[in-house]
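To start, the structure under review is shown below, and the notes come after it.
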Amino acid sequence: MLNNQKVAVVLPAYNASKTLETTYREIPMNVVDIVILVDDASKDNTSDVGRQLGIEHIIVHERNKGYGGNQKTCYQKALELKADIVVMLHPDYQYTPKLITAMASVIAEDLYPVVLGSRILGGGALRGGMPAYKYIANRMLTAFQNLCTGAKLSEYHTGYRAFSADVIRSLPLAQNSDNFIFDNQMLSQIIAQGHTIGEITCPTRYFPEASSIRLLPSSIYGLGVIKVSVLHAAKRLKGLFCGAPKS
């Protein structure tokens, strides 16, 4: 616990048997109270590895619900277990679990209710092996998203995130996509509600076992990001005009 707040780590997993143990072993159990593994109908033995590691809370989807659908289950279970702070960590070991304490502490100390582990701050993305085309797409999309939302984030596409339970409860997550665009819809909702977002520099690793979106799904994701951003901008403009005092 941190400041008497219960910390949960949720692991949305799909075919993560090769990296789950390495990820789990680095989770700082001195501050983490709950670990939740959601296996999204993996074709490997991800859930079996989780049981061997002694993970207490394991949920296995009978059919694949998608990345967003997996996260919905993760957050629902964390709230059921009365978590105060929820850290979402990919179990593919692309992000280091060693930052969980820092990210959760920012929330526990009431500095920010949402914290992102940024691969861009500190310039570590390319050093960690991020493909150049993904880096360029990340920078272009992020610039466009900042323009549309009015925020000033270094990136919107990290899979390493921490939230206060109050923020999660305030979001209409059930209305969001079950696919990869879920992450961006969630951030759009967070910004629209006026929640502040902190960022922490996070090193990243790209290697064969780490999950990665292929080119076609990446292109579909990029178009989805643009759509979410334009809708956000339209609502901002509508709010400005509707909220303007009448002459």
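The values are calculated or read from the model by the stated rules, or taken from the named source; none is laboratory data. Everything numeric in this text was worked out from a predicted model, so none of it was measured. Here the Cβ positions follow ideal geometry from the backbone for every residue, glycine too, while neighbour counts run over all protein chains shown.
For beta carbons closer than 7 Å, sequence separation of 6+ or different chains, a first residue in the stretch 22-46 that is more than 14 Å from C74 (Cβ to Cβ) and a second that is aromatic (F, W, Y), the qualifying pairs are T22/Y93; T23/Y93; S42/Y14. For the stretch 94-117, give me each residue that is surrounded by fewer than 23 Cβ atoms within 10 Å (Cβ to Cβ), within 26 Å of N15 (Cβ to Cβ) and touching an Asp or Glu at 6+ places or on another chain (Cβ under 9 Å). Hits for the stretch 94-117 are T96, P97, K98. A Cβ distance below 9 Å, combined with a sequence gap of six or more or placement on separate chains, defines the contacts here; from the stretch 121-132, residues that are farther than 9 Å from C202 by Cα and among the charged types (D, E, K, R) reach residues that are modelled with pLDDT of 80 or more and not in a helix (DSSP H, G or I) in the pairs R127/P203; R127/T204.
L53: in contact (Cβ under 8 Å) with a residue 40 or more places away in the chain and either closer than 14 Å to I27 by Cβ or among the β-branched types (V, I, T) (or both), yes or no? For L53, the condition - in contact (Cβ under 8 Å) with a residue 40 or more places away in the chain and either closer than 14 Å to I27 by Cβ or among the β-branched types (V, I, T) (or both) - is not met.
Name the one entry in Q71, Q5 that is in contact with a helix residue (DSSP H, G or I) (Cβ under 7 Å, 6 or more places away or on another chain) and surrounded by fewer than 20 Cβ atoms within 10 Å (Cβ to Cβ). Write out each step before concluding.
Numbers: Q71 fails: surrounded by fewer than 20 Cβ atoms within 10 Å (Cβ to Cβ).
Exactly one residue qualifies, and that residue is Q5.
Pick out the one residue from G124, G198 that is farther than 23 Å from G224 by Cα, surrounded by fewer than 19 Cβ atoms within 10 Å (Cβ to Cβ) and within 16 Å of the chain's Cα centre (by Cα). Show your work before the answer.
Values: G124 fails: within 16 Å of the chain's Cα centre (by Cα).
The unique qualifying residue is G198.
Only one of the numbered conditions (1) under 23 Å from T204 (Cα atoms); (2) buried (at least 21 other Cβ atoms within 10 Å of the Cβ); (3) of a type outside the set (D, E, K, R); (4) in contact with a strand residue (DSSP E or B) (Cβ under 9 Å, 6 or more places away or on another chain) is violated by T19, and that is (4).
Results for (1) within 24 Å of D166 (Cβ to Cβ); (2) part of a helix (DSSP H, G or I); (3) of a type outside the set (A, V, I, L, M, F, W, C), shown as yes or no for each residue.
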position	(1), (2), (3)
G50	no, yes, yes
I59	yes, no, no
N64	no, no, yes
Q71	yes, yes, yes
A78	yes, yes, no
K82	yes, no, yes
D92	no, no, yes
T101	yes, yes, yes
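Only one of the numbered conditions (1) within 20 Å of I100 (Cβ to Cβ); (2) out of contact with any Gly (no Cβ under 7 Å at 6 or more places or on another chain) is violated by N45, and that is (1).
Looking only at residues in the stretch 103-138 that are assigned to a helix (DSSP H, G or I) and at pLDDT 95 or above, the one that is nearest to I34 (Cα to Cα) is A104.
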